[in-house]
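A quick write-up on the structure given underneath.
The values are calculated or read from the model by the stated rules, or taken from the named source; none is laboratory data. Just so it is clear, the structure is predicted and the values come from calculations on it, not from any experiment. Here the Cβ is made from the backbone with ideal geometry for all residues, glycine too, and neighbour counts use every protein chain on show. What goes into the accessible areas is simple: the full protein's heavy atoms, side chains included, and nothing from ligands, DNA or RNA. Shrake-Rupley method; radii C 1.70, N 1.55, O 1.52, S 1.80 Å.
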There are 2 protein chains.
Amino acid sequence: MANQNDKKQRTTVSIYGQQYTIVGQEDPAHVKEVVRYVDEQMREMKRKNPYLDTTRLAVLTAVNAVSEYKKLEKQARSNESHSKEN
Amino acid sequence: MANQNDKKQRTTVSIYGQQYTIVGQEDPAHVKEVVRYVDEQMREMKRKNPYLDTTRLAVLTAVNAVSEYKKLEKQARSNESHSKEN
């Protein structure tokens with residue numbers, strides 16, 4: 001089995017005007033899609049809440065993303081248990 | 001149909017030492033679960049990368065959460081199309 005560290009990729013991206021180097025095993029196309037989404041969400045939230053500073057924008061973007069993740073996870077589990085019943 | 005705004009709830013939470021008021025239609029138990037997860041992720045990331053400032057921690061936590069969401073979403077769609085084939 002190959003050492004998983006061998007597969008780590010570094011992708012440099014810009015989010016809300018700051019540079020980040022994302023390190024991981026993800027496909028760079030996936031990373032770019034994710035980064036575009038986070039950047040758009042932060043800009044959209046700033047438009048709606050101009051008084052929020054960058055840290056608060058980022059924290060609230062994280063909260064929204066985790067909230068959507070947990071809802072989708074519960075839905076996926078529920079679908080799985082339904083399909084097992086059939 | 002009830003006005004959806006009627007159902008909006010305000011939950012005050014603490015994330016990484018700052019207070020936030022989360023407004024939405026989510027169950028407060030869901031909000032608390034999400035907030036606990038974001039707070040833990042930020043603390044864990046700080047432990048691994050002590051040089052990161054709070055904004056960067058929050059942005060990278062958002063990136064991770066969106067990445068997991070998009071992977072789960074693709075998996076759920078793929079499972080759905082497989083179950084339709086059967």
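Restricting attention to the range B:36-79, which residues are open to solvent by less than 30 Å² (accessible area, probe 1.4 Å) and touching a Ser or Thr at 6+ places or on another chain (Cβ under 7 Å)?
Selection gives B:V38, B:M42, B:M45, B:T55, B:A58, B:A62.
Got at least one residue in the range B:24-39 being assigned to a strand (DSSP E or B), within 11 Å of chain A (Cβ to nearest Cβ) and modelled with pLDDT under 95?
Within the range B:24-39, the first condition is being assigned to a strand (DSSP E or B), and the residues that meet it are B:24.
In the following step, the residues that additionally are within 11 Å of chain A (Cβ to nearest Cβ) were identified as B:24.
Those still in the list that are modelled with pLDDT under 95 too: B:24.
Yes, the range B:24-39 contains a residue that is assigned to a strand (DSSP E or B), within 11 Å of chain A (Cβ to nearest Cβ) and modelled with pLDDT under 95.
Starting from the range A:68-86, keep only residues that are over 26 Å from B:T61 (Cα atoms), then list their pairs with residues that are at pLDDT 75 or above whose Cβ atoms are within a distance under 9 Å, requiring at least 6 positions of separation or different chains.
The qualifying pairs are A:N79/B:A76; A:N79/B:N79; A:N79/B:E80; A:E80/B:N79; A:S83/B:N79.
Anything in the range A:5-18 that is at the interface with chain B (Cβ under 10 Å from one of its Cβ atoms) and free of Cβ contacts under 8 Å to residues at least 24 places away in the same chain? List them, or say none.
Here is the first cut: in the range A:5-18, the ones at the interface with chain B (Cβ under 10 Å from one of its Cβ atoms) are A:13, A:15-16, A:18.
Across the range A:5-18, the qualifying residues are A:V13, A:Q18.
Is it the case that B:A29 is among the small types (G, A, S), under 23 Å from A:E26 (Cβ atoms) and open to solvent by less than 90 Å² (accessible area, probe 1.4 Å)?
No.
Name every residue in the range B:40-73 that is within 9 Å of another protein chain (Cβ to nearest Cβ), in a helix (DSSP H, G or I), more than 11 Å from the chain's Cα centre (by Cα) and of a type outside the set (G, A, S), in order of residue number.
Scanning the range B:40-73 gives B:M42, B:T54, B:T55, B:R56, B:L57, B:V59, B:L60, B:K70, B:K71, B:L72, B:E73.
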